[in-house]
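Heads up: the structure comes next, in structure tokens.
No value in this document is a laboratory result; all are computed from the given coordinates. What you see is a predicted model, and the numbers here were worked out from it, not measured in a lab. Neighbour counts are summed over all protein chains in view; Cβ atoms, including those assigned to glycine, are modelled from backbone coordinates with ideal geometry.
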Amino acid sequence: MGGGFLVDVSALKQLITTLSEAAERMHVANARLRAATASDLGGHGLDHAAGGFQDRWEYGIGKISDASERMTDSLREAKELYEQTDQAIAALFPDPGTGAAPANPGSSPISRALDGGAPR
């Protein structure tokens, strides 16, 4: 496709799944770190350093997790809008053989044309 814009909805769906799983893993890691006590590690200096690390880690991972969740929500909404738009536009181009809108909205005349294929 030359100079156009194409959204790979299945790749977008996979990205949403991956980000969602990453956010969940970060929540689990924070919960495990919160459950561990610095005093389990040993001497006073190490305990103090571990406690400081735990605070910074929890804050940083919490921020990353929150951003991942917001990004996941936004991408999910964008995916749905791309699918709705493609379906609405595809409905404007009836199948020449039957005069009906295509049965498979994921393979609309627009998607086929952008992929270099002729409308069916």
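Using only side-chain charges placed at the Cβ, +1 for Lys and Arg and -1 for Asp and Glu, the dipole size of the stretch 9-91 relative to its Cα centre rounds to 140 debye. In terms of its Cα atoms, the stretch 9-91 spans 70, 15, 14 Å along the principal axes, sorted from long to short.
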